[in-house]
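The values are calculated or read from the model by the stated rules, or taken from the named source; none is laboratory data. What you see is a predicted model, and the numbers here were worked out from it, not measured in a lab. FYI the Cβ positions are ideal-geometry reconstructions off the backbone, even for glycines, and counts take in every protein chain you see.
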Amino acid sequence: MLSNSVEETVKAGRELGGKLKNDDAVLLYGEMGAGKTHFVKGMALGLGVTATITSPTFALVNEYKGLYHFDLFRINSLDDLYAIGFCDYIGKGVLAVEWSENIPNLERELDDYYKVKIAKKGENAREITIDYTRT
Amino acid sequence: MTILGLDSSAVSASCAVVDKELGKIKAYGSVNVKITHSQTLLPLAENILKAAKLSLHDIDAFAVSNGPGSFTGLRISVSAVKGMAFALNKPVCGVSTLLALAYNLLGRDAIACCVMDARRGEVYNALFDVCGGNVERLTPDRAISLAELGGELSQLTEKEIVFVGDGAELAHDYFEETCSIAPEITRYQNAASVCFAADESEFVPAKKLMPVYIRKPQAERERRP
């Protein structure tokens, strides 16, 4: 789908959030400024999470009731991923994982996942693709 | 020697005070309610000491299951023990979570197949020969697929094999009727077993205690190019 604004990206996230099961994993891919955090803000709305969603770049994970929002920008390997306790969160709530591209074999840790790719197509335009995979 | 033991290697958290000379559990408590161990473990320790009219000054040493297990859980119990032992200048013993699980089967004559769920068809596992009061290690602690473990278990035909640990049901479902499963009351990690498994020759100063994480096999851990 095509998003032409931050609002439309939030709306796309909200639609996905509304149909997630309570322990689904959503892996987000996209460069800096693509709108990953806005998409997660939408997911939170769709999940009924009322807290203000902010980027977890420095905290690695922000925990909300039923939603765990990860940012793997500073994580470079599966070893690091294990070390931050990522696997302890699997199955405990919805996972939203920004910078999933940093861990090439991240999918292997999951039984099923959504891949959300957000590509810049201009100043405000974004192409958002969502795929669901069960391994 | 009176030992205070902690375990929060998986979903439950527990604390025990054991008199090693007498081989007696003086106090024991456990919670399994999905509240983070950082909120349950130390109140639990404080409350069982209080109930037993003991204080930390009655404790001669500490024991903790230091891996394998949940990375977050291990860090909570290991750092709690490190902090108390450091402040009181008492020795500590890090105990393999899997070895402690084998001690759940003391008194039996069986192969303890200690299994903790490592997800995706894998378990943290070690095998032990339990004979009455003795526990003999047969394999190192490792991460292994259920399929591979099945191959090993099929070679062990002389004794009953008993699954113990939070992966016991998973493994038992996988192997079905060939092995038995420890009953609920002895199935999970517990701090009393950690105290019994603590070897007095392995006590170290607090600063030397470290969690022992077990990684999945190398093939799964390719680095980013």
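Scanning the range A:67-83 for residues that are within 22 Å of residue B:34 (Cα to Cα) and either touching a Lys or Arg at 6+ places or on another chain (Cβ under 8 Å) or modelled with pLDDT under 90 (or both) yields A:68, A:82, A:83. Scanning the range B:92-131 for residues that are among the charged types (D, E, K, R), in contact with a strand residue (DSSP E or B) (Cβ under 7 Å, 6 or more places away or on another chain) and part of a loop (DSSP other than H, G, I, E, B) returns a single hit, B:108. Residues in the range A:58-84 that are in a loop (DSSP other than H, G, I, E, B) and surrounded by 14 or more Cβ atoms within 10 Å (Cβ to Cβ): A:60, A:66, A:72, A:73, A:75, A:77, A:84. Of the residues in the range B:45-61, at least one is assigned to a helix (DSSP H, G or I) and either under 14 Å from residue B:8 (Cβ atoms) or in contact with a Phe, Trp or Tyr (Cβ under 9 Å, 6 or more places away or on another chain) (or both). Filter the range B:120-164 down to residues that are among the charged types (D, E, K, R) and within 18 Å of residue B:214 (Cα to Cα), then give me how many there are. Of the residues in that region, 6 qualify. Listed by first and then second residue, the pairs with beta-carbon distance under 7 Å, at least 6 apart or on different chains, first residue in the range B:186-202 and under 17 Å from residue B:27 (Cβ atoms), second modelled with pLDDT of 95 or more and part of a helix (DSSP H, G or I), are B:193/B:100; B:193/B:101; B:193/B:103; B:194/B:100; B:196/B:103. Among the residues here, residue B:30 qualifies as hydroxyl-bearing (Ser, Thr, Tyr), surrounded by 18 or more Cβ atoms within 10 Å (Cβ to Cβ) and either away from chain A (no Cβ under 14 Å) or farther than 15 Å from residue B:97 by Cβ (or both). Taken across the range B:75-91, residues that are touching a Leu at 6+ places or on another chain (Cβ under 8 Å), of a type in the set (Lys, Arg) and not in a strand (DSSP E or B) do occur, with at least one present.
Counting the residues of the range A:121-135 that are basic (Lys, Arg) and touching a Lys or Arg at 6+ places or on another chain (Cβ under 9 Å) gives 1. Quick check, is residue A:102 within 11 Å of chain B (Cβ to nearest Cβ) and surrounded by fewer than 21 Cβ atoms within 10 Å (Cβ to Cβ)? Taking the combined requirement at face value, the residue satisfies it. The number of residues in the range A:85-104 being of a type in the set (D, E, K, R), part of a helix (DSSP H, G or I) and farther than 19 Å from residue A:29 by Cβ comes to 1.
Could you tell me whether residue A:124 is more than 8 Å from every other protein chain (Cβ to nearest Cβ), over 21 Å from residue A:51 (Cβ atoms), in a loop (DSSP other than H, G, I, E, B) and polar (S, T, N, Q)? Spelling it out, residue A:124 is indeed more than 8 Å from every other protein chain (Cβ to nearest Cβ), over 21 Å from residue A:51 (Cβ atoms), in a loop (DSSP other than H, G, I, E, B) and polar (S, T, N, Q).
When B:112, B:87, B:147 are screened for being surrounded by fewer than 24 Cβ atoms within 10 Å (Cβ to Cβ) and in contact (Cβ under 8 Å) with a residue 24 or more places away in the chain, only B:147 passes.
A single member of B:94, B:107, B:121, B:23 is surrounded by 15 or more Cβ atoms within 10 Å (Cβ to Cβ) and either in contact with a His (Cβ under 6 Å, 6 or more places away or on another chain) or not hydroxyl-bearing (Ser, Thr, Tyr) (or both), and it is B:94. Screening the range B:33-85 for residues that are on the phi > 0 side of the Ramachandran plot and out of contact with any strand residue (DSSP E or B) (no Cβ under 7 Å at 6 or more places or on another chain) and picking the one that is nearest to the other protein chains (Cβ to nearest Cβ) gives B:34. Only one of the listed residues (B:4, B:42, B:74) is without any contact (Cβ under 8 Å) to a residue 60 or more places away in the chain and of a type outside the set (Gly, Ala, Ser). That residue is B:42. The condition (being within 27 Å of residue B:9 (Cβ to Cβ), surrounded by fewer than 20 Cβ atoms within 10 Å (Cβ to Cβ) and basic (Lys, Arg)) is satisfied by just one residue among A:117, A:92: A:92. Filtering the range B:132-180 to residues that are under 26 Å from residue B:197 (Cα atoms), out of contact with any strand residue (DSSP E or B) (no Cβ under 9 Å at 6 or more places or on another chain) and not in a loop (DSSP other than H, G, I, E, B) leaves only B:134. The set of residues in the range A:53-90 being of a type outside the set (A, V, I, L, M) and within 8 Å of another protein chain (Cβ to nearest Cβ) consists of A:76, A:77, A:79, A:82, A:85, A:87, A:88. Can you name every residue in the range B:182-191 that is within 22 Å of residue B:67 (Cα to Cα) and outside any helix (DSSP H, G or I)? Result: B:182, B:188, B:189, B:190.
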